[in-house]
Structures are given as structure tokens and as C-alpha cells.
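Written below as C-alpha cells is the structure these notes are about.
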Amino acid sequence: MNKRELAKAVAVHADVDLKTVSSVLEGFTEVVTAVVSQGEPVAITGFAKFVKVNRPARMGRNPATGEAIRIKASKKARITPVKAFKDAVMAPATAPRLKRGAFPTNDDAVRAAGKTVAAVAPRARKAAPARKTAAKKTTRRAPAK
């Protein structure tokens with residue numbers, strides 16, 4: 001599954017417009033990359049942990065000659081899946097259920113995604129209780145002849 005297919009599946013499952021999902025995924029990757037590159041870990045509960053790891057210099061061996069060589073220090077990115085994710089992968093029965101059309105992606109479902117959210121009106125605020133006003137006196141007129 002590539003990024004575009006992931007965006008379509010999320011759009012159908014969350015019932016959100018595909019354009020919105022694509023921009024959110026793009027923003028997610030940019031934020032996680034920027035934060036982890038600064039050395040701060042990012043942990044997403046139930047999914048994964050993203051961390052920058054500093055590897056110290058060490059001694060190693062050239063496998064062809066057996067000669068000892070020095071391996072210089074480096075920085076690596078480490079992505080560790082958390083227990084809930086690993087459990088869902090190992091036992092698919094415990095994995096979350098997707099909406100129909102999310103995977104494999106159904107083009108009609110992708111087009112319909114986000115339409116129902118836009119059609120629902122936002123919750124109306126309760127109107128403040130009306131103030132009582134003095135009743136106006138009305139005079140009855142005789143019907144026109």
C-alpha cells in the first residue's frame with residue numbers, strides 16, 4: 001500500500017474528504033520527521049514510537065579478510081512498533097475492523113467519503129429564553145365591505 005492508497009482507505013474509513021486526508025498525512029510525516037530529527041521521540045499510543053538513536057564508534061571486522069576496522073559514530077532513526085500493534089498483526093482477529101470499501105479501496109466509496117459530514121448541520125445552540133414583552137393592545141377593525 002502506498003501513500004495514495006493509504007489516504008483513500010483512511011478517507012473511506014473516517015468518512016472524510018480525500019483532499020483533507022492527504023494534507024493531514026503530509027502534515028503528519030513532516031511534523032514527525034522534524035521533531036525526531038531534533039532528537040525528541042514521538043510515541044503514538046497503540047501504533048509506534050519514532051526515535052533518533054546515536055550509535056557510538058566501535059571496532060568491527062572485515063568479513064572478507066578478518067581484519068579489525070574502526071566503524072565511526074552515526075545517527076539512526078528507529079521506529080519501534082508497540083505491543084498493541086504487534087498483537088493485532090500476529091492475531092488478525094484482534095485487528096480493528098475497517099468500513100466497507102476502505103480496503104481494498106472502492107472508488108465509489110472514496111468519492112462518497114466526506115459527503116455525509118458536510119451535509120450534517122452543526123449543532124444549534126440553545127436559544128436564550130425570550131424575554132417577556134409588554135403586550136400591545138390591538139384594536140379590531142371591522143371587516144371590509
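The values are calculated or read from the model by the stated rules, or taken from the named source; none is laboratory data. Predicted, not measured: the structure shown is a model, and the values here were computed from it. When we count neighbours, we look across all protein chains shown, and the Cβ atoms used for this are built from the backbone with ideal geometry, even at glycine.
At pLDDT 90 or above, assigned to a helix (DSSP H, G or I) and on the phi < 0 side of the Ramachandran plot - does that describe any residue in region 43-57? Scanning region 43-57, I find no residue that is at pLDDT 90 or above, assigned to a helix (DSSP H, G or I) and on the phi < 0 side of the Ramachandran plot, so the answer is no.
Results for (1) over 20 Å from the mean Cα position of the chain (by Cα); (2) farther than 30 Å from VAL35 by Cβ, shown as yes or no for each residue.
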site: ARG55; (1), (2): yes, no
site: GLU67; (1), (2): yes, yes
site: ARG100; (1), (2): no, yes
site: VAL110; (1), (2): no, yes
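On inspection, ALA48 does not qualify as exposed (fewer than 11 other Cβ atoms within 10 Å of the Cβ) and within 30 Å of ALA113 (Cα to Cα).
Looking across region 61-103 at every residue that is surrounded by 10 or more Cβ atoms within 10 Å (Cβ to Cβ) and assigned to a loop (DSSP other than H, G, I, E, B), the one that is modelled with the highest pLDDT is identified as VAL82. Screening GLU30, GLU5 for residues that are under 30 Å from PRO96 (Cα atoms), outside any loop (DSSP other than H, G, I, E, B) and modelled with pLDDT of 95 or more leaves exactly one candidate, GLU30.
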